[in-house]
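Everything on this sheet refers to the single structure shown next.
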Amino acid sequence: MINAVSKEIPEYIEGYGKVKPFEGAFKNINKAQKTKVSLNCKSSFDDKVIGSIEEVLKKCGLRDGMTLSFHHHLRNGDYVLNMVMKEVARLGVKDIKVAASSIFPIHEPLVELIKEGVVTGIYTNYMSGSVAQAVSLGYLKYPVIMHTHGGRARAIESGDLHIDIAFIASPSCDNYGNINGVEGRAACGSLGYAIPDAMYADRVVAITDNLLSYPLCPIEISQEYVDYVVKVEEIGDPKGIVSGTTRITKDPVGLKIAKLASKIIEESGLLKDGFSFQTGAGGTTLAVAAYVKEIMKRKNIKGSFAAGGITGYIVEMLEEGLFNCLFDVQCFDLKAVESYKNNRNHQGMSASMYGNPHNKGAVVNMLDVMILGATEIDTDFNVNVTTGSDGFIMGGSGGHSDTAAGAKLSIVTTQLIKGRLPIVVDKVTTVTTPGETIDALVTERGIAINPKRQDLIERLKGTNLPIMSIEELKSLAIKMTGVPKKYENNGKIVGVVEYRDGTVIDVIRQVQ
Amino acid sequence: MKLRRSMLFIPGNNPGMIQNAGVLGADSIILDLEDAVAVTEKDSARILVRNAIKTLDFYNSEIVVRINPLSTDFGFEDIKEIAKVKPHALLIPKSTTEDIKACDDILKRIEEYEGFENNHIKLFPLIETAYGLENVYNIIKASDRVEGVLLGAEDLTADLGIKRSREGEEIFYARCKVASACRAFRVDAIDTPFTDLNDYEGFVEDIKRAKSIGMTGKAAINPRQIDTIHDVFAPSKEEIEYAKRVMKAQEDAKREGKGVFSLDGKMVDAPIIQRADNILEKARLSGLL
């Protein structure tokens, strides 16, 4: 069948089940149901601290076919997923589904477990490195299910994604299971992505290298959700968790793109008191923040909030009074961690509060402007951030689709050509985010506004911004690169890309 | 009038930078075959620059190629190869009167052979020796192709055996001399680049100083310098307002049949009108009107 972004998808996918096709970004937001949670209650006689991962796996009743979840705040410094899965393999358990909010190059040991059949399924919002390559090459038994950050929270809360055991990498934890991310060697700040796991998994295990006496203060994930606590030597490598600083790009082309994007924001009518804003941590998107900051200062504008993954740069904007508060789902650098710890206006949020389309209102819905990236964007404005043009998985939505759907103005910023490839194409290799939720594309050689935003086109008419059609941008790119031969792939389905509402927006096929 | 506030150097051996040069907003791009390119890469850079000019779109930036000095083995080869693809101009390092005449001559022959319009390819002498500086008037006079002069202070001070400073007092004379000679022929006087990318304040002061002496533009060695150069060389709001009032007063005077008129109690004569006209034209080209 053909879904609403014109992608051919099967009605049934082996290892996934019946497919609900994507019908449109806002077609499936009305009533929703949350699932029941079964739990083992604790009495005053129970001790939560367990001596080893092996012991806790046994206590949780680990068996073949279970789903184990992990969160990714320790990013490419995470030791927890690998250490838990190593024990799982040692115990001879098979057919495990790993629900990790993101998978990084450090999780390479999973590849062996995939090949051995210990791991047969993966749910994730973003994956890069060897695991992504192995999945692309067809080693995983069942297709990987790629969620968005909000979509993962929705899947967990609705019961679509049932977690048997959630493992919470905990930079600090007390002996009764209260957790925070702001203290300890592996401090990572907000633990927003782990919150749905903690609330809805059958069993919740805190893995910590900083076991403190009760009660921990402050508490981010509380004792009421946590079954067991295990102390280990190290939960992660601080160098891979947060960088010392995240820097604005010095690349002149990146700066040019950022400046153009900031001008659209200025002309959009949204940049006024109460303005809200989100960017990623990339050098170019941070440069947009820098230019927006300049405009806000010049025009004496006081914004309401900035959200998402938080960088030191956004913290500076908070501290300078340019925003009232921050909503933080993960901290990208040490400055953000420090601020999250000390500044009351730097608030945490769960993945559900951030982007779940099936709750009573996510933060993304209140966003004015979102700055996004793209690996490819097509002439329908559909964006791919999941696969490279060679078909290999190299990313995923993360919050891309959630924020694009929520923000009043979502701007994709990218170079028109990367590595000799045109970025604007006829059809993206994989649709991650539907074009109907993208308002503008900004490149160094021109800006294209989605024709559905006639209001914005009108508004920008009197400006000297280089506005052109997305087809013209494509032609500009092709003029320099030539038409690349399309990578045709009819291999078996190795991945299912779920839109945030749980419908299937695209599938990923095995790289030949 | 063509705006030539900024001339950005781009290494002639860097395809990535050359490909994006046109989007950076410089008035002129100088594709450099001289200092940026090692001796072992001179031929490949020449081919790269030639093909880039042939195929790439540099949008509103004019293309100037800095060739190697005519005293080296590469200079004439550069001209022969590059002139065929019709750059806007060539920048001639360590220029002398003889060099400019020689360039003029060879360009004339190439233009005839290729069927290009006569005098199509322009010249920018680079003044970077004491000999060149003292001859700058004659250097400009040596060819109708000369559209401007670029002052190269690093080599010049080296030749003079003196140190470059942040304040640039040591090049005061050179700036004045170049600016005055250029004005005599109504060609552009492009100031030497400011090399400390971390000293923003020093950079702004340096441009202001050059502008106040009569330099009309500045060379840039990093794209980040372009906006600042344009800002300083742009006419100020006050200048634009005053110029508008001068033009308005002139119109009123014409209507009233007055030959001479005054504004704010001061007499307005031809040079003031000319200046106001220039400012408005500059403002229009800079997108300020």
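The values are calculated or read from the model by the stated rules, or taken from the named source; none is laboratory data. Treat the numbers as computed from the prediction; the structure is a model and nothing was measured. When we count neighbours, we look across all protein chains shown, and the Cβ atoms used for this are built from the backbone with ideal geometry, even at glycine.
Some observations on this one:
- Matching residues, the stretch A:482-491, being more than 14 Å from chain B (Cβ to nearest Cβ), surrounded by fewer than 14 Cβ atoms within 10 Å (Cβ to Cβ) and of a type in the set (Gly, Ala, Ser): none
- Here B:Ala26 does not qualify as within 14 Å of another protein chain (Cβ to nearest Cβ), among the small types (Gly, Ala, Ser) and farther than 24 Å from B:Gly217 by Cα.
- Considering the conditions (1) farther than 30 Å from A:Ile508 by Cβ; (2) of a type outside the set (Asp, Glu); (3) exposed (fewer than 11 other Cβ atoms within 10 Å of the Cβ), A:Gly17 is excluded by exactly one of them, (1).
- All positions within the stretch A:462-481 that are within 12 Å of chain B (Cβ to nearest Cβ) and within 15 Å of A:Asp378 (Cα to Cα): A:Ser475, A:Leu476, A:Ala477
- Flag if B:Gln225 is more than 30 Å from B:Asp35 (Cβ to Cβ) and of a type in the set (S, T, N, Q): no
- Qualifying residue in the stretch B:139-155 (condition: without any contact (Cβ under 8 Å) to a residue 24 or more places away in the chain and out of contact with any helix residue (DSSP H, G or I) (no Cβ under 7 Å at 6 or more places or on another chain)): no
- Selected residue [more than 14 Å from chain B (Cβ to nearest Cβ), surrounded by fewer than 23 Cβ atoms within 10 Å (Cβ to Cβ), of a type in the set (Lys, Arg) and under 22 Å from A:Gly388 (Cβ atoms)] from A:Arg509, A:Arg459, A:Arg420, A:Arg453: A:Arg509
Here's the yes/no breakdown for (1) more than 26 Å from the chain's Cα centre (by Cα); (2) over 27 Å from A:Glu220 (Cβ atoms); (3) modelled with pLDDT under 95:
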site: A:Ile13; (1), (2), (3): no, yes, no
site: A:Lys18; (1), (2), (3): no, yes, no
site: A:Glu23; (1), (2), (3): no, yes, no
site: A:Ser43; (1), (2), (3): yes, no, yes
site: A:Lys58; (1), (2), (3): yes, yes, no
site: A:His71; (1), (2), (3): no, no, no
site: A:Ala89; (1), (2), (3): yes, yes, no
site: A:Ile103; (1), (2), (3): no, no, no
site: A:Val111; (1), (2), (3): no, yes, no
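- Residue under evaluation A:Asp455, criteria (1) part of a helix (DSSP H, G or I); (2) at pLDDT below 95; (3) among the charged types (D, E, K, R), criterion not met: (2)
- Criterion: within 14 Å of another protein chain (Cβ to nearest Cβ), surrounded by fewer than 18 Cβ atoms within 10 Å (Cβ to Cβ) and part of a helix (DSSP H, G or I) - qualifying residue of B:Asp252, B:Asp231, B:Asp277: B:Asp231
- For the stretch B:157-200, the set of residues classified as assigned to a helix (DSSP H, G or I), within 17 Å of the chain's Cα centre (by Cα) and of a type outside the set (S, T, N, Q) consists of B:Ala174, B:Arg175, B:Cys176, B:Lys177, B:Val178, B:Ala179, B:Ala181, B:Cys182, B:Arg183, B:Ala184, B:Phe185, listed by residue number.
- Hits in the stretch A:424-447 (condition: free of Cβ contacts under 8 Å to residues at least 60 places away in the same chain, within 14 Å of chain B (Cβ to nearest Cβ) and in a loop (DSSP other than H, G, I, E, B)): A:Arg445
- Looking only at the stretch A:465-507, residues that are modelled with pLDDT of 95 or more and assigned to a helix (DSSP H, G or I) come to 6 in all.
- Failed condition for B:Gln225, given (1) away from chain A (no Cβ under 14 Å); (2) in contact (Cβ under 8 Å) with a residue 40 or more places away in the chain: (1)
- Test set (1) in contact with a Lys or Arg (Cβ under 8 Å, 6 or more places away or on another chain); (2) β-branched (Val, Ile, Thr); (3) not assigned by TED's automatic domain parsing to the domain that holds A:Val442 - A:Thr311 fails condition number: (3)
- Any hit, the stretch B:57-68, residues being crowded, with 21+ Cβ neighbours inside 10 Å, touching a strand residue (DSSP E or B) at 6+ places or on another chain (Cβ under 8 Å) and under 22 Å from B:Tyr131 (Cβ atoms): yes
- Taken over the stretch A:213-260, the residue count meeting the criterion of being in a helix (DSSP H, G or I), in contact (Cβ under 8 Å) with a residue 12 or more places away in the chain and within 14 Å of another protein chain (Cβ to nearest Cβ) is 8.
- Scanning the stretch B:1-19 for residues that are at the interface with another protein chain (Cβ under 10 Å from one of its Cβ atoms) and either under 13 Å from the mean Cα position of the chain (by Cα) or crowded, with 23+ Cβ neighbours inside 10 Å (or both) yields a single hit, B:Leu8.
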